[in-house]
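S.K.: Below is the structure I would like to discuss, written out as structure tokens.
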Amino acid sequence: MDPGTLPPPDLPAIDPGWAKRLQAEFSAPYFAELKQFLVGERSRHTVYPRGNDILRAFHAPAFGAVRVVILGQDPYHGPGQAHGLCFSVPKGIPPPPSLQNMIKEIQRDTGATASGNGDLSHWAEQGVLLLNATLTVRAGEAASHQGRGWERFTDAAIAALSSGRTGLIFLLWGRHAQAKEALIHQDRHYVLKAAHPSPLSAHRGFLGCGHFSATNEILQAQGGRPIDWST
């Protein structure tokens, strides 16, 4: 990598394109407060994901390589599940219920085969940004880190994509993700909405939504390659 493209030393070692666009967030007072909160949390509790994975979504895809955006809410709060990509779990960890429903819909919609592997890193490598609104969580306590500043940070990331790129496909599943729709310039991007894949709501519009094949149709119409959604 050209040293001239590296982020300043006070910024996390993420994709330089992301670092440039999020620099104001990293240096804002709220982010310093968020870091202090996390230091305190880690001194008293187990926090997921591990430190090196918190900003993993901003390593791949690079800002200029994003083609599709999937928005989640919180990291998984069970042992070994969260690794910095929404809905994804590391290899060897059984897919949680929401991901199981995503796999069902992928099979129904595209005919792709499922191996039982819930690691979606290969989606990120193809340009799918897997971004939670909140990037950390206390073990066993869903939503425990909401309202501490992460939402402001991830909103800034969504807004940067909306203003700095064109032709992206945003998949907004469930009320929480759809609340981010106001950040997206819909004259510049595509927005597909459905129910959340959670077992509580998947049968109210997620299963059968056809978002995976629809996304590939849009990408190919733009002259791009389709996403390999296999798991």
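The values are calculated or read from the model by the stated rules, or taken from the named source; none is laboratory data. From a predicted model like this one, the values you see are computed outputs, not experimental measurements. Here Cβ is always computed from backbone atoms with ideal geometry, including for glycine, and neighbour counts include all displayed protein chains. Keep in mind that these areas ignore ligands, DNA and RNA; they rest on the heavy atoms of the full protein, side chains included. Shrake-Rupley method; radii C 1.70, N 1.55, O 1.52, S 1.80 Å.
S.K.: Specify the residue that is farthest from the chain's Cα centre (by Cα); the eligible residues are those in segment 166-186 that are farther than 17 Å from residue 65 by Cα and of a type in the set (S, T, N, Q).
M.R.: Let us first name the residues in segment 166-186 that are farther than 17 Å from residue 65 by Cα, namely 172-186.
Add one more test, that the residue is of a type in the set (S, T, N, Q), and what stays is 178, 186.
Numbers: 178: 14, 186: 19 Å.
Looking at residues that are farther than 17 Å from residue 65 by Cα and of a type in the set (S, T, N, Q), I get 186.
S.K.: Still on this model: Here are some residues: 47, 89, 69, 39. Which one is without any contact (Cβ under 8 Å) to a residue 12 or more places away in the chain and β-branched (Val, Ile, Thr)? So that I can check it myself, show each step before the final result.
M.R.: Details: 47 fails: without any contact (Cβ under 8 Å) to a residue 12 or more places away in the chain; 89 fails: without any contact (Cβ under 8 Å) to a residue 12 or more places away in the chain; 69 fails: without any contact (Cβ under 8 Å) to a residue 12 or more places away in the chain.
Residue meeting the stated conditions: 39.
S.K.: How many residues does segment 120-156 contain that are free of Cβ contacts under 8 Å to residues at least 60 places away in the same chain and among the charged types (D, E, K, R)?
M.R.: Qualifying residue count, segment 120-156: 2.
S.K.: Oh, and also: Would you pick out the residues in segment 173-204 that are of a type outside the set (D, E, K, R) and assigned to a helix (DSSP H, G or I)? Steps first, please.
M.R.: Filtering segment 173-204 for residues of a type outside the set (D, E, K, R) gives 173-174, 176-179, 182-186, 189-192, 194-203.
Once the filter is applied, which keeps residues that are of a type outside the set (D, E, K, R) and assigned to a helix (DSSP H, G or I), segment 173-204 yields 174, 176, 177, 178, 179, 182, 183, 202, 203.
S.K.: Would you check if residue 134 is under 28 Å from residue 37 (Cα atoms) and either at pLDDT below 95 or outside any loop (DSSP other than H, G, I, E, B) (or both)?
M.R.: Working: under 28 Å from residue 37 (Cα atoms): yes; either at pLDDT below 95 or outside any loop (DSSP other than H, G, I, E, B) (or both): no.
It is false that residue 134 is under 28 Å from residue 37 (Cα atoms) and either at pLDDT below 95 or outside any loop (DSSP other than H, G, I, E, B) (or both).
S.K.: Considering only segment 52-87, state which residues are closer than 27 Å to residue 220 by Cβ, of a type outside the set (Phe, Trp, Tyr) and under 12 Å from the mean Cα position of the chain (by Cα).
M.R.: 57, 59, 60, 61, 66, 68, 69, 70, 71, 72, 85, 86 - these are the residues of segment 52-87 that are closer than 27 Å to residue 220 by Cβ, of a type outside the set (Phe, Trp, Tyr) and under 12 Å from the mean Cα position of the chain (by Cα).
S.K.: Quick check: is even one residue across segment 17-25 within 20 Å of residue 151 (Cα to Cα), surrounded by fewer than 14 Cβ atoms within 10 Å (Cβ to Cβ), at pLDDT 95 or above and in contact with a Gly (Cβ under 9 Å, 6 or more places away or on another chain)?
M.R.: No, because not a single residue in segment 17-25 is within 20 Å of residue 151 (Cα to Cα), surrounded by fewer than 14 Cβ atoms within 10 Å (Cβ to Cβ), at pLDDT 95 or above and in contact with a Gly (Cβ under 9 Å, 6 or more places away or on another chain).
S.K.: Identify the residue in segment 31-67 that is part of a loop (DSSP other than H, G, I, E, B) and of a type in the set (A, V, I, L, M, F, W, C) and, among all such residues, is surrounded by the most Cβ atoms within 10 Å (Cβ to Cβ). Please lay out each step first, then the result.
M.R.: Here is the first cut: in segment 31-67, the residues part of a loop (DSSP other than H, G, I, E, B) are 45-46, 49-50, 54-55, 59-62, 66-67.
Filter once more, keeping what is of a type in the set (A, V, I, L, M, F, W, C): 54-55, 60, 62, 66.
On the way: 54: 19, 55: 20, 60: 20, 62: 15, 66: 23.
Going through the qualifying residues, I end up with 66.
S.K.: Restrict the check to segment 210-222 and report whether at least one residue is over 20 Å from residue 103 (Cβ atoms), touching a His at 6+ places or on another chain (Cβ under 9 Å), open to solvent by 60 Å² or more (accessible area, probe 1.4 Å) and modelled with pLDDT of 95 or more.
M.R.: no
S.K.: Being of a type in the set (Gly, Ala, Ser) and crowded, with 17+ Cβ neighbours inside 10 Å is the filter here, so list the residues in segment 167-181 that pass it.
M.R.: Here is the first cut: in segment 167-181, the residues of a type in the set (Gly, Ala, Ser) are 167, 174, 177, 179.
Passing the criteria: 174, 177.
S.K.: Take residue 93 and tell me if it is open to solvent by 10 Å² or more (accessible area, probe 1.4 Å) and in contact with a Ser or Thr (Cβ under 6 Å, 6 or more places away or on another chain). First the steps, then the outcome.
M.R.: On the way: open to solvent by 10 Å² or more (accessible area, probe 1.4 Å): yes; in contact with a Ser or Thr (Cβ under 6 Å, 6 or more places away or on another chain): no.
In short, no.
S.K.: Considering every residue within segment 148-162, establish whether at least one is touching an Asp or Glu at 6+ places or on another chain (Cβ under 8 Å), small (Gly, Ala, Ser) and assigned to a loop (DSSP other than H, G, I, E, B).
M.R.: Taking every residue of segment 148-162 in turn, at least one turns out to be touching an Asp or Glu at 6+ places or on another chain (Cβ under 8 Å), small (Gly, Ala, Ser) and assigned to a loop (DSSP other than H, G, I, E, B).
S.K.: Would you confirm, using the coordinates I've provided, whether residue 105 is among the charged types (D, E, K, R), open to solvent by 30 Å² or more (accessible area, probe 1.4 Å) and either in contact (Cβ under 8 Å) with a residue 40 or more places away in the chain or assigned to a loop (DSSP other than H, G, I, E, B) (or both)? Lay out the reasoning, then the answer.
M.R.: Details: among the charged types (D, E, K, R): yes; open to solvent by 30 Å² or more (accessible area, probe 1.4 Å): no; either in contact (Cβ under 8 Å) with a residue 40 or more places away in the chain or assigned to a loop (DSSP other than H, G, I, E, B) (or both): yes.
So residue 105 fails the test.
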